[in-house]
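In what follows, a structure is listed as structure tokens, so that the remarks can point back to it.
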Amino acid sequence: MDHSTNTTEIVSAQLITATLSGLAYNSMTQPSGLICEADADVGFPLRISPVICIIDAINIMGHFAWYSCTKGSLYEAMKALLGWRFKGQHHAELRDASPTCSPKCILRTVVSKILPRVITSSPPICTFIKICGSEGLVWTKVIAVAFVFSFIVSELLVVWPAMIWPKMIISISEQNKNPQSNEDSQPNENPQPNENPQPDNDKHSPYLVTYSSIALAVMFMLWFASAAAQDCWGQPHHTQPQWLAKTTGMLGCPLAVSALLYLYYGNIADIKNRLESSLILVVLVLLTLGSYLMSQLVPSNTSSIIAQSITAIIAATWCAIAMWFAAETLEALRRVAANSHARETVEMFTAWYFFCLNFATALIYYMYSYNPAGTAKPHWDWEEWLG
């Protein structure tokens, strides 16, 4: 019987949504410190995106490979990795670990902390195996693999070492509480100049990583959002690039305008930054309007590959300008220490806005755009073991 008509064999949208939600929740609640160089609290909603998860996992492996080559031992490499990863932002279940590292304490940690984590993460992993064994579902499998890959990398290289070697966390905490201890050990006649140059050198690159990761994640999300919007409300003569312009205008411009108004009326940025941000915002709005007008010139009978390529180019251009806008608009928040509270407010609002957009996009896509035709559940004799 055809899979599209046999409702007991096809993979339903409800099953996919439940599986991806469980995998995303597993990654979001993982106490793994900074996410793509963003604060831990901000990283929680950011990890709803599979793109953020993949970039974060690659970032962890890259730093681990570097520290493994430059440090003398695995312990020192792990210590350097955790020092980079946490930077004083510790979760309770990692901070409250036993301060000793004897074999007996390590065994106790494995039994009391690591083993329960493995057990609690088993149900989503089991549904992930069933999804991977299903026919079709190419994009769903890619998204699921991204969540699981990020979760496993973070567990093996960040969470478990922090639990097994808790002295690393304690030493990192002491260094963060006494940041001048390292300076005292080195000859330096003027300890104060560290206060101003560091934000310029140390924070520029991490924020670039954060903004670039979010831009790629938004570009991935906009592609699904435009496809879902076209399926839900589009007409036969509407193309996906046209719906991408509409979706971008409805989702992106309100956030950009809100950020600019916040800086204007919050008296945070100076006149120069306001002018630059305003000009970039004008370019952003003009790009959205221009892409909508240009997308109307695309014939409705254009092949899907060409239409999707045009969609990807428009999304990439919009995200690049949006990242430029974010970098210029939030420059004062990054550089001035007195704006730290305002920076946290803006970052949290933006991160949860990002979370809501990704969650709503996935929900709408799988509920209204997902076509179960051609999918089939796996037929394994041992499938009942997976629940």
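For the reader, a short list of remarks on this structure follows.
- Any chance ALA342 is closer than 22 Å to ALA217 by Cβ and modelled with pLDDT of 70 or more: no
- Of all residues in segment 46-73 being in contact with a Lys or Arg (Cβ under 9 Å, 6 or more places away or on another chain) and either outside the structural domain of THR17 (by TED's automatic domain parsing) or modelled with pLDDT of 90 or more (or both), the one that is surrounded by the fewest Cβ atoms within 10 Å (Cβ to Cβ): HIS63
- Here TRP139 fulfils each of the conditions (1) modelled with pLDDT under 85; (2) assigned to a helix (DSSP H, G or I) apart from (1).
- Filter result for the condition that a residue is assigned by TED's automatic domain parsing to the domain that holds TRP84, more than 17 Å from PRO31 (Cβ to Cβ) and at pLDDT below 90, over THR120, THR127: THR127
- Selection of first residues in segment 78-91 that are of a type in the set (Lys, Arg) and in a helix (DSSP H, G or I) and of second residues that are at pLDDT 85 or above and crowded, with 17+ Cβ neighbours inside 10 Å, restricted to Cβ pairs under 7 Å at least 6 apart or on distinct chains, gives the following pairs, ordered by first then second residue: ARG85/VAL158.
- Checking SER277 against (1) surrounded by 18 or more Cβ atoms within 10 Å (Cβ to Cβ); (2) modelled with pLDDT of 70 or more, the condition it does not meet: (2)
- Residue check for SER134: in contact with a strand residue (DSSP E or B) (Cβ under 7 Å, 6 or more places away or on another chain), assigned by TED's automatic domain parsing to the domain that holds SER73, at pLDDT 60 or above and under 30 Å from ALA362 (Cβ atoms): yes
- GLY43 being crowded, with 22+ Cβ neighbours inside 10 Å and modelled with pLDDT of 70 or more: yes
The values are calculated or read from the model by the stated rules, or taken from the named source; none is laboratory data. All figures in this text were calculated on a predicted structure; none of them were measured in a lab. Cβ coordinates were reconstructed from backbone atoms using ideal geometry, including for glycine residues, and neighbour counts include every protein chain displayed.
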